[in-house]
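K.L.:
Quick one: the structure is below, questions incoming.
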Amino acid sequence: MTSKKHILPIIVISQFCCTTLWFASNGIITELIENFHLKNNALGHLTTAVQFGFILGTLIFAIFMIADRFSPSKVFAVSAFLGAIFNILLVLTNNSLESLILFRFLTGFFLAGIYPVGMKIATDYYEKGLGKSLGFLVGALVIGTAFPHLMKDMLHLISWKYVIYTTSTLAILGGVLMFLLVTDGPFRKFSKNIDLSTCFKIFKNKELRTASFGYFGHMWELYAFWTFVPVILKTYVNLHKNVTFNIPLLSFCIIALGGVSCVFSGYFGERFQVKRTAYIALLLSGICCLISPIMFSVNNEFLFIFFLIFWGVMVIADSPLFSTLVSKSVPLETRGTALTIVNCIGFSITIISIQLISNLLEITNSSLIYMILALGPILGSFFLTKKRALKS
């Protein structure tokens, strides 16, 4: 049996390996467009398909209380294997936009058995220091999400298909590690029966509502920013003809460095209050949204990259804090369901912001577009600063 002190590194490694599936198509979007004769807006459609799949998956997992009724490590392993299978189907030579969307949708569906279930496993092991544990876990998600961009840069001299082969292999490896080395945690409480009202009952909890609405504002911004980081970089290059960027490598760095901020925010949250730390991160990322048009006009590429890195750090720093607040606001036997349903609603919101930005990019190249993302942090901050909200 694996000792408790070794559990977190295994969960983190497994989470990283499996979440490389998330942006697998984003890292090779140029090659997918060329090989399958897609339109330029395919990036938004394929990303949205993953989000839709994740939403439906989390909804089903929540309604049937999968993570609370069955061994979460086994749920994680099965989901990782099936997600890897649907991911690898992207390399089929007769794919069309419709088939690619279907495969991304199904991959997203099984990611619902990976990300929130991984957090559930962590809550089953770590009552004390939960914020720090979730900081590492969300950090693994961030780096896993960014990893396909790095692979695109590393494998640019060979076929784009190896990005898909690698992400699917990593996902299977992550599932195997979880299945073989992680048992049910000491704080786990099984729910024996399905209670279809649980998804609604948990929102009667005021603390859960506060954390959830803050999280929803955070999600409005997060995945839209991540999705369009390469587009933001390309837009800057088009505006400044003397500038050249290694867009895949920079995209990886901008997104992945957010993983480091998740670890630090977990520590800061334990030291300086979780809600207050989440509020500061949300506020700073909202400011980045609002000043983005100014930064596009700055004729200094190093300052622009520094700005994007700072934005990438702030946009995700509050994520483990919100997960911590959600986890601590509900009873042990419904934590898995609470995390899953809050994720479900949060990712539903990402579809709106991703599609909105994608459609706006079709009709205008204005640098004002990304200011729209500030709406999420503004509303999220409002809920976090309501009377007594920052006292815990």
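K.L.:
Running Debye on region 247-295 with equal point scatterers at the Cα sites and no solvent, what base-10 log of I(q)/I(0) appears at q = 0.28 Å⁻¹?
P.N.:
Relative scattering, expressed as log10 I(q)/I(0), comes to -1.01.
K.L.:
Something else: Can you tell me which of 22-28, 158-164 comes out highest on packing, and rank the rest after it, using the mean Cβ neighbours within 10 Å? Don't skip to the answer; put the middle values down first.
P.N.:
Values: 22-28: 26.9, 158-164: 17.4.
Taking the mean over residues of other Cβ atoms within 10 Å, the ranking is 22-28, 158-164.
K.L.:
Just name one of 131, 112, 97: the one whose Cα is farthest towards the positive end of the charge dipole of region 4-391 (beta-carbon charges, Lys/Arg +1, Asp/Glu -1).
P.N.:
Checked the options; the winner is 131.
K.L.:
In region 15-110, which trypsin sites (Lys or Arg not before Pro) are in a loop and have at most 14 other Cβ atoms within 10 Å, using DSSP for the loop call? The partial results should precede the final answer.
P.N.:
Working: sites: 39, 69, 74, 104; in loops: 39.
Loop-located and lightly packed - 39.
K.L.:
Return an integer: the convex hull volume of the alpha-carbon atoms of region 63-169, in Å³ per residue.
P.N.:
Numbers: hull volume 12.0 nm³, N = 107.
Normalising the Cα hull of region 63-169 by residue number yields 113 Å³.
K.L.:
Of 74/206; 120/204; 120/275; 132/161, which sit over 30 Å apart, Cα to Cα? Can you show the working numbers first?
P.N.:
Values: 74/206 32 Å; 120/204 21 Å; 120/275 20 Å; 132/161 36 Å.
Check vs 30 Å cut-off fails for 74/206; 132/161.
K.L.:
In straight Cα distance, which aspartates and glutamates are under 14 Å from residue 241, not counting same-chain residues fewer than 8 positions off?
P.N.:
Straight-distance partners of residue 241: 301.
K.L.:
Mind checking which of 334, 248, 60 is farthest towards the positive end of the chain's charge dipole, using Cβ charges of +1 (Lys, Arg) and -1 (Asp, Glu) about the Cα centre?
P.N.:
334
K.L.:
Given Cβ point charges of +1 (Lys, Arg) and -1 (Asp, Glu) and nothing else, what value in debye, to the nearest 20, does the dipole of the chain about its Cα centre take?
P.N.:
Numbers: 29 positive and 16 negative charges, 276 e Å.
Charge dipole, the chain, about its Cα centre: 1320 debye, nearest 20.
K.L.:
Work out, step by step, the length gained on full extension between residue 184 and residue 249: first 0.36 nm times the residue separation, then minus their alpha carbon distance; give nm to one decimal. Numbers along the way, then the final one.
P.N.:
Numbers: separation 65, 0.36 × 65 = 23.40 nm, distance 3.81 nm.
Once the chain is fully extended between residue 184 and residue 249, it gains 19.6 nm.
K.L.:
In the chain, with Lys and Arg counted as +1 and Asp and Glu as -1 at Cβ, which of these residues, 295, 70, 230, has the Cα nearest the positive end of the dipole, that is, farthest along it?
P.N.:
It is 70.
K.L.:
Which of rounded, prolate or oblate describes region 284-323 when judged by the alpha-carbon gyration tensor and an a/c cut-off of 1.5? Walk me through the intermediate numbers first.
P.N.:
Values: a/c = 5.45, a/b = 2.21, b/c = 2.47.
Note, shape of region 284-323 comes out oblate.
K.L.:
Here is a further query. Highest GNM mean-square fluctuation, the chain, Cα pairs closer than 10 Å: which of 356, 239, 102?
P.N.:
Between 356, 239, 102, it is 239 that shows the largest mean-square fluctuation.
K.L.:
Sticking with this one: For region 249-254, take each phi angle, set θ = phi - 60°, evaluate the Karplus expression 6.51 cos²θ - 1.76 cosθ + 1.60, and give the result in whole Hz per residue in order, putting x for glycine and proline.
P.N.:
5, 5, 4, 4, 5, 4
K.L.:
Can you give the log10 of the normalised intensity I(q)/I(0) at q = 0.16, 0.24, 0.26 Å⁻¹, computed with Debye over equal Cα scatterers of region 81-137?
P.N.:
-0.59, -0.85, -0.93
K.L.:
For the chain, calculate the relative contact order in percent as a whole number, restricting contacts to Cα pairs under 8 Å that are 6 or more residues apart.
P.N.:
Values: 714 pairs, mean separation 106.4, N = 392.
It comes to 27 percent, rounded to a whole number.
K.L.:
Taking neighbour Cβ counts within 10 Å as the exposure measure, how do 244, 227 sort from fewest upward?
P.N.:
On the way: 244 9, 227 24.
With the fewest neighbours first, 244, 227 line up as 244, 227.
K.L.:
Further question on the same structure: Binned at 20 Å from 0, what are the whole-percent values of the Cα-Cα distance distribution for region 4-391, short to long?
P.N.:
Per 20 Å bin, starting at 0, the Cα pair percentages come out as 30, 60, 9, 0.
None of the figures in this text is laboratory data; all of them are computed from the coordinates on show. In this text the structure is predicted, and so the values were computed from the model without any measurement. Neighbour counts are summed over all protein chains in view; Cβ atoms, including those assigned to glycine, are modelled from backbone coordinates with ideal geometry.
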